[in-house]
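Report on the following structure.
Taken together, the values in this text are just the output of simple stated rules run on the coordinates, not laboratory data. Note that the structure is predicted; figures quoted are calculated from it, not measured. Cβ atoms come from the backbone with ideal geometry, glycine included; neighbour counts cover every protein chain shown.
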Amino acid sequence: MTRRNSSANTVPYSVLVTIAVVVALAVSATAVAGAATPPPDSDEYAVAQGDDCVTVEPIGDGVRTVEEFYDYRTPNTTPSSYSYSSHGTTHLQEDDTSSVFLYEGSDGLSLVLVHDRYDGDSPGGAATMTFTGLPEDGEWVVEDDGYDGADDEFDHSGDSSRITWVWSENRSDGAAFSGGLDDEFSITIEPRFNDDAAKQVYDGHVSDWEVISGTETGRERASLDMDDPVVIASGECTSHSVIDLNVPETVTVGESATIEATVENDGATPGNATVPFTVDGETVDERTVSLESGETTTLSTNATFDEAGTYTVGAANATAEVTVNEGDDEMPGFGVTAAVLAALVATLIGRRRL
C-alpha cells in the first residue's frame, strides 16, 4: 500500500527480599480500575490490507448529505442528465481508477465508491465487490446505476452486500452507504475487477484501486492491491489500551503488591505495544505485547513500597490508588492470639498456687 499526494524481566519499585511465615488466614481487598482515560474521539479511520495499513480522514465539511455530494444524474433527476454518472465527485475521479473514501456530511459519515471518470478518456470497465460488516441501521442511499433495466446488480442481505458494476465509455459508476458509521464499525471489501468481475460488457480495464484521505491542504491517495480484501474500520491502525487494572487496595510497608493489567488491541491490524507500569508517574516496569486486532491479554508485575502513604499505580492509560500501611512490630495474626494465651497461662498459674 503506497501513498501519494492529491513477558520481560521484572524491575520492582524497590529491591525486595521477603521471608514469609504464614501463621493465620489473611484477607486482602483488590482495587479494580478500568481504562481511566478512554480513547479520545477521532476523525481518523484505518484502511488495512494484509500487513499494510493507512490512517485516513473523511472528505467533506458536514454541510451536504452524501446524496447531494455524490450528485447522481439520470434523465429522471433534477438536474437531469443522460450521463448516468456522479457529477459531484468529478474532482476525485480518475481514468481507469476505482476510488473508495469516507465522506462526512450533514447526515453523518458515509462510505463512498466511485469508479472511473465521467467525461474522461476511459472506454468503460467492470467491478464486483462483496461487503461484509455493514452497520444494520445503515443503507445504500446511492445506487449508481439502480434504475430498472440497468446492467449493474445490487444484492443486499443483512450486514452484507454484493454489487456488480459495468459502465461504458466516458461514464463513472459507484455507490454510497450511509448510517451507523458514526459508531464503531469494521467493513470488509472483497474486490474483483475486469475479467474477474461477475459481469463484463465493455472493453475498458481498471488499472488502479485507491483509497482517498482528506488532508489539511487537500487530499492524499494510497494505492491498494486489486486482488486482496480491504478492511475499513473506525479508529487507528493499531491501538492498544488497558481496559482493566487490578491492584490491592491496601498493603503494608515492604509487602509485595501484584499489579495486573488487561490490554486490548482495538485497532484494525495486529501490532506490538510496550505497556509501562508506573508508581506515582515513575516507570517501574515495562511489558511488550503482540496482539491481533480485537485480542486481549493480561500482563502482571510486582511492586513494593518502602514508606506508608497513598500511591497512584498505573499501567499505560489506567490508574488506581494503593494505600500502604505501617506493619505491626509483632508478627501479623499473633497479637490477639498471644494476648489471649498469655491471659490463660497467667490464670492457670494463679490457680495452681492457691
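Worth pointing out:
- Here the residues S86, S98, S106, ranked from fewest to most Cβ neighbours within 10 Å of their Cβ, fall in the order S106, S98, S86.
- Here the extension length gained between T215 and D52 equals 56.7 nm, from 0.36 nm per residue of separation less the Cα-Cα distance.
- Whole-Å distance, taken between Cα centres, linking the range 46-67 and the range 186-248: 9
- Neighbour counts of other Cβ atoms within 10 Å put T258, T65 in the fewest-to-most order T258, T65.
- Sorted by Cβ neighbour density within 10 Å, fewest at the top, the residues H91, H240: H91, H240
- Shape of the range 45-234, Cα gyration tensor, a/c cut at 1.5: rounded
- Sum of side-chain charges, A261 neighbourhood, beta-carbon under 14 Å (Lys, Arg +1; Asp, Glu -1): -4
- Computed extension gain for D182 through Y202, at 0.36 nm per residue and net of the alpha carbon distance, reaches 3.5 nm.
- For the range 320-327, 3J(HN,Hα) per residue [Karplus equation, 6.51 cos²θ - 1.76 cosθ + 1.60, θ = phi - 60°, Hz, x = Gly/Pro]: 7, 9, 10, 9, 10, 9, 5, x
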